[in-house]
1. Based on what the data block shows, is Val155 more than 22 Å from Tyr115 (Cβ to Cβ) and either touching a residue at least 60 places away in the same chain (Cβ under 8 Å) or part of a helix (DSSP H, G or I) (or both)?
2. Give Ile349, Ile358 a once-over and let me know the one that is under 30 Å from Asn280 (Cβ atoms) and modelled with pLDDT under 90.
3. Across the range 226-256, what is the total count of residues that are open to solvent by 70 Å² or more (accessible area, probe 1.4 Å) and among the aliphatic types (A, V, I, L, M)?
4. Only residues that are in a strand (DSSP E or B) and among the aliphatic types (A, V, I, L, M): list them for the range 193-211, please.
5. Give me the pairs, please: first residue somewhere in the range 346-369 and of a type outside the set (Lys, Arg), second residue anywhere and open to solvent by 90 Å² or more (accessible area, probe 1.4 Å) and at pLDDT below 90, beta-carbon distance under 8 Å, and either six or more positions apart or on two chains.
6. Inspect the range 164-182 for any residue being part of a loop (DSSP other than H, G, I, E, B), under 17 Å from Val220 (Cα atoms), of a type in the set (Gly, Ala, Ser) and free of Cβ contacts under 8 Å to residues at least 40 places away in the same chain and give the result as yes or no.
7. Just for the range 499-524: of the residues that are assigned to a helix (DSSP H, G or I) and in contact (Cβ under 8 Å) with a residue 60 or more places away in the chain, which one is surrounded by the fewest Cβ atoms within 10 Å (Cβ to Cβ)?
8. For the range 402-421, name all the residues that are at pLDDT below 75, surrounded by 14 or more Cβ atoms within 10 Å (Cβ to Cβ) and in a helix (DSSP H, G or I).
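The values are calculated or read from the model by the stated rules, or taken from the named source; none is laboratory data. These numbers come from a predicted model, not from an experiment. Backbone-built Cβ (ideal geometry, glycine too); neighbour counts: all protein chains shown. The protein model used for the area step is the full one, side chains on, heavy atoms only, and it has no ligands, DNA or RNA in it. Shrake-Rupley method; radii C 1.70, N 1.55, O 1.52, S 1.80 Å.
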Amino acid sequence: MKDLSGTGEYLADAITHGPVSFIAWLSDGRLLTASATFHELTGYSPDETSAMRWPGDFASEGLAGCVLRGMKEPGLPGRSRQCEGNIVGKDRSEIPVSVILHRRRPGDTGEVQYYAFITDTTRLNDREERLQLTQYAIDHFMDSSLWLDSEGRIVYANESACQSLGYTREEMLSLGIWDIDSAYRQDIFARSFENIKNARHMELESTGIAKDGRRFPVEVHASYIQYHGTERVVCFVRDITRRKDAEEALAESEEKFRVLSELSPTAIFLYQGTKLIYANQSAVAFTGFSIDEMTSKNFWDMVHPEYQEMVRAYGLARQRGEPVPARYEVKYVTRYGEERWAEFTAGRIEYRGRPGGIVTAIDTTERKHTEIALQEAKSQAELYVDLMGHDINNMNQAAMGFLEMAYEKLKTRGSLDGEDLDLLASAMGSLRSSSGLIDSVRKLQRERKGGMKPYVLDLSPLLADVKEQYTSVPGREIVIDYTASCPCKVLANELLRDVFANIVGNAIKHSRGAIAISISLSVEPRQGVHYCRVDVEDNGPGISDERKKAIFERAGMDRTKLTGKGLGLYLVKTLVEDFHGRVWVEDRVPGDYRKGARFVVLLPAATAGQKNDFVESDDVCSL
């Protein structure tokens, strides 16, 4: 319930502490305000009355019935209604009162409001004193109050009316309504009077004219009353200069923003709550969506799913006044499904009395692609320097060491025996590893430069060929089992063979003694897309959980072993991702890595109509 002293809409300070109680309420009985005298009269505190309803919780049955009937009277806006009865106090005592009831509809909210002056008749001697107190209340009402006769002459003006217009009360009583209000003319006032009389109540906006010629906007509530045969128009007039100034300032501000926004080459978005409420023309070019389409979306809907939760959380927190980053880079999706990058700069605004947000967006796709390309080039350069400076150099040093040992024996004895041939074999092995590493680097370069075009490959013969290559390794007992549940084709190039050759070769290289390797090919549907799945598992020493996290990364290689194997799995990951697939490693026996590893390669199955081939439905097991 509003504090009477702060509203400035009902009574002056004199009424607040005067002998007449004042209350205002809504149709459902909720009190809008009540004077201190009313609380003294009833014995209830302001907190208690805020939860009560007028008249039901305060008045006797007779008084409550009279007030409720008065609230429903069609003619009430144009005149008052008086009710006599008892108010029931907090201590259940009954106090005789006289209630003068009024009704009005404020222009700001449009909701009907009622107000009443309540006089404790036990404290008054006669009707004249009650009328004087009521007059006192009207005289000190915060809004201007004017009474007009049927010819438009002012017959009453309260203090607020005199002060707002700059006239004394005597001067006011010598004027006609046309002297202080531009909406009325003396020569046609008779028609205006009839209109008010027929309507009983009228509301309008007009222009007040002060004594010094100053003009200001006003809101007028005019009601027709008749008392003992005398006709009057009672006007309540409110100065709405501040409201109009605020409306004009808002309109001017919105127009400036609109002009700047429409001319800006930067995409601009406004949001409130969860919804976009504005987007400029640059945002149309930015997203491909029309303005109507954008303003029907949540403010995060056009952001890539990878970033949606972050953008949603930032936007809602910003409206709550919480500190969040003002600038960040995200990926977004255009109307045509294109994924692009943008830099967002966001801030908090107040729009029509509620918090919201403003976002400016600059497309950074080209810059992002350049950054990514530069980063990849830097990584590749670091990789090649690393290989030349460490891996290949170590292999060559090892080969030179073996050759020097063989040379010293040959120089000393003049010949080499059978055991010495192992030194030459080891040197040749190191040189082969070095050559193989250089070959892998060349392949990686060709792949990254787009020098190897993709075409449709059948995995079945490719995997069978890898099996045959590694089945017979001198000095090793190797069993490789290959099964294919159905044919499966993928879009790749000849480097795909290196993926599986590396995986199988590593399984053999990093184990001792007999080893069993199983290769299986199957088709796996995921979210409406068919994938060719290749599982390569072995019963070797396995891979610990800690090593699994970094085994495919160049930075995670074990630099203490000079085998050159590291690039193999890095190459595997790079190629599989270039073919739009995934690769990972897991335990062959879940939970026990010591019983061997399983490498899983998942590649999208080629579909009918892809370049260089046509894949029948039978090629993916009729799925």
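1. Details: more than 22 Å from Tyr115 (Cβ to Cβ): yes; either touching a residue at least 60 places away in the same chain (Cβ under 8 Å) or part of a helix (DSSP H, G or I) (or both): yes.
So Val155 fits the description; yes.
2. On the way: Ile358 fails: modelled with pLDDT under 90.
Among Ile349, Ile358, only Ile349 is under 30 Å from Asn280 (Cβ atoms) and modelled with pLDDT under 90.
3. Number of matching residues: 1.
4. Kept after step one, since they are in a strand (DSSP E or B), are these residues of the range 193-211: 201-209.
Within the range 193-211, Met202, Leu204, Ile209 meet the criteria.
5. From the range 346-369, the pairs are Gly356/Glu350.
6. So the first thing to find is which residues in the range 164-182 are part of a loop (DSSP other than H, G, I, E, B), and the list is 166-168, 173-175, 182.
Retained after the next criterion (residues that are under 17 Å from Val220 (Cα atoms)): 182.
Pick out the ones that are also of a type in the set (Gly, Ala, Ser) and you get 182.
Keeping just the survivors that are free of Cβ contacts under 8 Å to residues at least 40 places away in the same chain gives 182.
Yes, some residue in the range 164-182 is part of a loop (DSSP other than H, G, I, E, B), under 17 Å from Val220 (Cα atoms), of a type in the set (Gly, Ala, Ser) and free of Cβ contacts under 8 Å to residues at least 40 places away in the same chain.
7. Just the residues of the range 499-524 that are assigned to a helix (DSSP H, G or I), to begin with: 499-509.
Checking which are in contact (Cβ under 8 Å) with a residue 60 or more places away in the chain leaves us with 499-500, 502-503, 505-507.
Numbers: Val499: 28, Phe500: 23, Asn502: 22, Ile503: 23, Gly505: 18, Asn506: 21, Ala507: 24.
So the residue we want is Gly505.
8. Within the range 402-421, Phe402 is the sole residue that qualifies.
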